[in-house]
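See below for the structure under consideration.
The values are calculated or read from the model by the stated rules, or taken from the named source; none is laboratory data. These numbers were taken from a predicted model, which means no experiment stands behind them. Positions of Cβ are backbone-derived with ideal geometry, glycine not excepted, and every protein chain shown enters the neighbour counts. With ligands, DNA and RNA removed, areas are computed over all heavy atoms of the protein, side chains included. Shrake-Rupley method; radii C 1.70, N 1.55, O 1.52, S 1.80 Å.
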Amino acid sequence: MFNIVIVDDYGLVSSEAFKIMRNTLQSSEHPVLGLATGSSPVGLYKKMIADHNGNGTSYKKVTTFNLDEYIGIERNHEQSYYTFMHENLFDQIDIREENIHIPHGDREDMQAECIRYENELKKHEIDLQVLGIGTDGHIGFNEPGTPFDSETHIADLEEQTRRDNARFFEDDINQVPRKAITMGLASIMRAKKIIVIATGENKANAVYGMVKGAKDPSCPASILQDHDDVTVILDHAAASRLG
Ligand code: F6R
């Protein structure tokens, strides 16, 4: 079941997302958050930082799990998701490093890392999962064709996804990793509440596929049609195909 919120611009999209985040933070003693990287949640993270600084909201009892990480670059690479999350959120709030979970993309035995991460996830219940959506309908790095019952696994990134993300790698697709470790679709579906943030015309087809398309692995985000608490927060461009 989707609750669809359409607002005028990215600032308002981030405010709507923050309202839900604040409710989650206030309604649990030990909140567990599922977090995404990429451009879409950055405005939300800025609002969380401003709220921490302005209102003293503390993250000392918060636990986080990130969706994914590139394989083949070191943890401290400037484009790793580990670095992204520390720069855009963690270094600016009072979260404890030991409560942060991000899959490792630089382990020798990546299969063992997938199992370790999924087991860790299963010890927790995510109260709020933040998602962006890829132009090909991916969530996390679950690319088209990923089975709906997938758990944490190694994904081959689509050419389209690598092209979309080249903007973070000096516009050079050759620098964008070809593989990633990602929570699976079944792992994501275990979250109690989910928000999807999408803006811009280039997301309109993917948003349509998620909300109104066939429920099929060709659009991985369409699995969310089966979740009972998903809020999709859009600007008019991203919502333009919903009619
Ligand atoms: C990031 C992630 C991806 C992104 C998606 C959209 O952790 O899992 O699914 O959410 O690629 O990326 P942006 O927001 O950069 O358009």
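Here are the numbers:
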item	result
Sequence-distant lysines (8 or more away, or on other chains) whose Cα lies within less than 17 Å of residue 61	123
Taking the convex hull of Cα positions in the range 56-152, its mean projected area over all directions (nm²)	7.3 nm²
Cα-projected label distance for residue 29 with residue 58, points at 7 Å along beta-carbon direction, nm	1.4 nm
Pairs beyond 19 Å (Cα-Cα), from 192/212; 19/203; 122/192; 19/46	192/212; 19/203
Accessible area per residue, Å², the range 174-243 with all protein chains present, probe 1.4 Å	39 Å²
More than 17 Å apart - percent of Cα-Cα pairs taken over the range 47-103	40 percent
Placed amide H near residue 65: partners under 5 Å, 5+ positions off or other chain	33, 34, 35, 101
Candidates 36, 204, 50, ranked by Gaussian network fluctuation over the chain, Cα under 10 Å, top entry	50
Pair-distance profile P(r), taking every C-alpha pair of the range 127-243, with 10 angstrom steps and integer %	15, 46, 33, 6
Potential extension, residue 4-residue 125 segment - 0.36 nm per residue separation minus Cα distance	41.2 nm
Burial ranking of peptide ranges 137-143, 6-12, 176-182 (average Cβ count within 10 Å, highest at the top)	137-143, 176-182, 6-12
Scattering profile of the range 2-228 at q = 0.07, 0.10, 0.11 Å⁻¹ [log10 I(q)/I(0), Debye over alpha-carbon scatterers]	-0.20, -0.41, -0.51
Net charge over other residues, Cβ less than 11 angstrom from the Cβ of residue 228 (K, R count +1; D, E count -1)	0
Residue 228-residue 167 pseudo-label distance in nm [points 7 Å out on the Cα-to-Cβ vector]	3.7 nm
Per-pair calculated FRET efficiency, R0 = 35 Å: residue 174 and residue 22 via Cβ, rounded to 0.05	0.25
